[in-house]
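The structure under discussion appears below in the form of C-alpha cells.
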Amino acid sequence: MEIVILPDTTAIGALAADAIVNLVQRKPDAVLGLATGSSPLAIYDELAARYAAGQVSFAQARGFTLDEYVGLPADHPETYRNVIHKDFVDRVDFAEGAVRGPDGLATDIPAFCAAYEDAIVAAGGVDLQILGIGTVGHIGFNEPGSSLASRTRIKTLTRQTRIDNARFFGGDVDAVPTHCLTQGLGTIMAARHIVLVATGPQKAEAVHHLVEGAVSALWPGTILQHHPHVTVLLDGAAASRLQLADYYRETYQAKPAWQGI
Ligand code: GLP
C-alpha cells in the first residue's frame, strides 16, 4: 500500500483527480469504479472543474458503482444511483448508460448480481477504483464478517452503518434501508488500481486496521493489503493512529512528483 498523508480534502481531491485524468488521457475508454459517500466528493468536484476547463473528457469512459440500497424507490434522492449522478456523472460528459450500478429493485437478486459481475468483466475490468471506508471498516457495503473472496450480493447493513448513514435520511435511523447490494471484496480486489480516501478523526480506527492491522473479515478493508496497487489518501486526523505515519510521510516526500500515485 502507498500511504499519502495530505493537509486537507482539497489536496486529496487534486492528487486523485491527477491519477484519473492521466488514466483517461492514456485510455479514453477507461473503466472507472465509482464510490458514493462524502469521502470522494472532493475528487468529483475537482474532476468536474477540470472537465469544465476542457482538460478532460469522459465521453468514452465507462463506470461501475460499488453498491446500492435495496428497496428504495427509483426517484428517491438517496439511491446511490441518484447520488452518483448528482455528485459526478451529470456534471461531466459520460455517454448515456455508460455508468451502471447495482439495481436495488431487481426482482431476481442473485441473477442480477451475477449479471453485474459479468458486465464488469465484459467491459474489461475496472482500471481505477475509488473507495471510501466506513467507520466499521467496510469498503463498498462489505460489512464486518464479509467473505474476503465475496462477489456482488445482497448484504444486511450493520446497525452502526445505518446510524452513520442516518444523516442522509433526516437523522432517522429507521428510514435507512436494512439491506443493500454490494460488489464483493473479491470484485473490488480485481480492480487494477485502487484509490481509497479517508478523512477525519472518525475514520482513524478503521484506517489503523486497514493499513497496519491483521487481515481479517472483522475489518473487511484489510483485504486490500493483498492488492498489488493500492493508494490510500488520508488527512492528518484519519492518519492519527498510524504507527508508521512519519515513515509514510518521508517516503512520499522522497518520491518524484512526476510519478503521481
Ligand atoms: C457508505 C458506503 C461506502 C462509503 C462509506 C463511507 O455507507 N457504502 O461506499 O465508502 O460508507 O462513507 P463516507 O465517505 O460518507 O464516510
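Each reported figure results from applying straightforward, stated rules to the coordinates on display, with no laboratory input. Everything numeric here is computed off the predicted structure, so don't read it as measured data. Reconstructed Cβ throughout: ideal geometry from the backbone, glycine too, with neighbour counts over all protein chains shown.
Below, the figures for the structure above:
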quantity	calculated
Residues with amide H under 5 Å from that of SER216, placed H, sequence gap 5 or more	THR222, ILE223
Charge tally in the Cβ shell below 11 Å around ARG153, where Lys, Arg are +1 and Asp, Glu are -1, ARG153 excluded	0
Whole-Å semi-axes of the ellipsoid equivalent to the stretch 2-256 (Cα gyration tensor, √5λ, descending)	25, 23, 18
Helix-only mean residue ellipticity at 222 nm for the chain, each DSSP H run of n ≥ 4 adding -39500 (n - 2.57), per residue, nearest 500	-9500 deg cm²/dmol
Estimated vicinal HN-Hα couplings, Hz - the stretch 201-210 in sequence order (Karplus 6.51, -1.76, 1.60; Gly, Pro = x)	x, 5, 9, 4, 5, 4, 5, 4, 5, 3
Amide H contacts under 5 Å for GLY132, placed H, 5+ residues apart	GLY140, VAL197
Per-residue ³J(HN,Hα) for the stretch 49-58, Karplus 6.51 cos²θ - 1.76 cosθ + 1.60, θ = phi - 60°, Hz, x for Gly and Pro	5, 6, 5, 4, 7, x, 8, 7, 10, 10
Protection proxy ranking, peptides 127-139, 178-190, 98-110, average beta carbon neighbours within 10 Å, highest first	127-139, 178-190, 98-110
Cβ charges +1 (Lys, Arg) and -1 (Asp, Glu), total dipole of the stretch 1-127, debye	320
5 angstrom amide H check on THR65, placed H, neighbours 5+ away	LEU34, ARG100, GLY101
Vicinal HN-Hα couplings computed from phi for the stretch 85-97 (Karplus, 6.51 cos²θ - 1.76 cosθ + 1.60; Hz; Gly/Pro x)	5, 5, 6, 9, 4, 7, 9, 10, 10, 4, 5, 3, x
Separation of alpha-carbon centers, the stretch 147-211 and the stretch 1-36, rounded to whole Å	20
Spin-label model distance (nm) - ALA214 vs GLN202, 7 Å beyond Cα toward Cβ	2.9
12 Å reach of a label modelled at ALA74, 7 Å along Cα-to-Cβ, counting backbone N of the stretch 82-118	104-106
Linear extension gain, ALA122 paired with THR178, 0.36 nm per residue minus alpha-carbon span	17.1 nm
The stretch 2-256, dipole about Cα centre (Lys/Arg Cβ +1, Asp/Glu Cβ -1), debye to the nearest 20	340
Added length on full extension, which subtracts the Cα-Cα distance from 0.36 nm per residue, GLN253 to ALA114	45.7 nm
